[in-house]
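Enquirer: Here it is, the structure in full.
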């Protein structure tokens, strides 16, 4: 539950989430269920055999989250870059290859929740690197790379406040 001081942040996050496409919203909620272990993603999200396979692959790919949550480099050196950024790029490439996140905003929203505020400085680099990989179709690559603003790519600093709003599955009521 958001406290009084965090309520404006939670409302801003809710508004941001509402601006994503229904496909992006669905993928973010599913990914949070998989990555945070909140729900049985197969039971909630699998509509067909292809989606069962996609969720299974996501569970495997998201095993790296456990290490990434505690491994964000905190110093100015380059020693921890290869292990952290390499794993983060691999994970980002997996999600971008699913073609359900159409740009940096939805990617950042998801990854701030999967990894926490300490990952923020690394998200633009991971997104750009993953989006530029040859595994991403050329026309999609172009769209993804154009989605990151200059401000996001060159930010002089990042907030250390943890995300407040974590979207979840909402059961539809029978009419």
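Enquirer: Which one of 39, 25, 63 is outside any helix (DSSP H, G or I) and more than 21 Å from residue 128 (Cα to Cα)?
Expert: Numbers: 25 fails: outside any helix (DSSP H, G or I); 63 fails: outside any helix (DSSP H, G or I).
Criteria check complete, one pass: 39.
Enquirer: If you take the residues in region 149-167 that are farther than 24 Å from residue 74 by Cβ and in contact with a helix residue (DSSP H, G or I) (Cβ under 6 Å, 6 or more places away or on another chain), which one is surrounded by the fewest Cβ atoms within 10 Å (Cβ to Cβ)?
Expert: 166
Enquirer: Report whether or not residue 108 is under 30 Å from residue 52 (Cα atoms), at pLDDT 95 or above and buried (at least 18 other Cβ atoms within 10 Å of the Cβ).
Expert: Judged against the criteria, residue 108 is a match.
Enquirer: Take region 133-145 and flag every residue that is surrounded by 10 or more Cβ atoms within 10 Å (Cβ to Cβ) and without any contact (Cβ under 8 Å) to a residue 40 or more places away in the chain.
Expert: As a first pass, look at region 133-145 and keep what is surrounded by 10 or more Cβ atoms within 10 Å (Cβ to Cβ): 133, 135-137, 140-145.
Passing the criteria: 137, 141, 142, 145.
Enquirer: From the list 41, 72, 46, exactly one residue is farther than 16 Å from residue 168 by Cα and surrounded by 15 or more Cβ atoms within 10 Å (Cβ to Cβ). Which is it?
Expert: When all the criteria are applied, what remains is 72.
Enquirer: Something else: Could we say that residue 119 is within 25 Å of residue 63 (Cα to Cα), surrounded by 15 or more Cβ atoms within 10 Å (Cβ to Cβ) and modelled with pLDDT under 95 here?
Expert: Against the criterion (within 25 Å of residue 63 (Cα to Cα), surrounded by 15 or more Cβ atoms within 10 Å (Cβ to Cβ) and modelled with pLDDT under 95), residue 119 qualifies.
Enquirer: Then there is this: For region 71-175, which helices (runs of 4 or more DSSP H) that fit wholly inside it have 3 or more residues that are more than 13 Å from the chain's Cα centre (by Cα) and closer than 19 Å to residue 21 by Cα?
Expert: Because the criterion is at least 3 residues that are more than 13 Å from the chain's Cα centre (by Cα) and closer than 19 Å to residue 21 by Cα, the helices (runs of 4 or more DSSP H) in region 71-175 that meet it are 138-146.
Enquirer: Among the residues of region 20-50, count how many are under 26 Å from residue 147 (Cα atoms) and without any contact (Cβ under 8 Å) to a residue 24 or more places away in the chain. Quick ask: steps written out before the conclusion?
Expert: Taking region 20-50 first, the residues under 26 Å from residue 147 (Cα atoms) are 20-35.
After this cut, where a residue has to be without any contact (Cβ under 8 Å) to a residue 24 or more places away in the chain as well, the list is 22.
Selection size over region 20-50: 1.
The values are calculated or read from the model by the stated rules, or taken from the named source; none is laboratory data. This is a predicted model, so every value here is computed, not measured. Cβ sites come from the backbone with ideal geometry, for glycine too, and all protein chains shown count toward neighbours.
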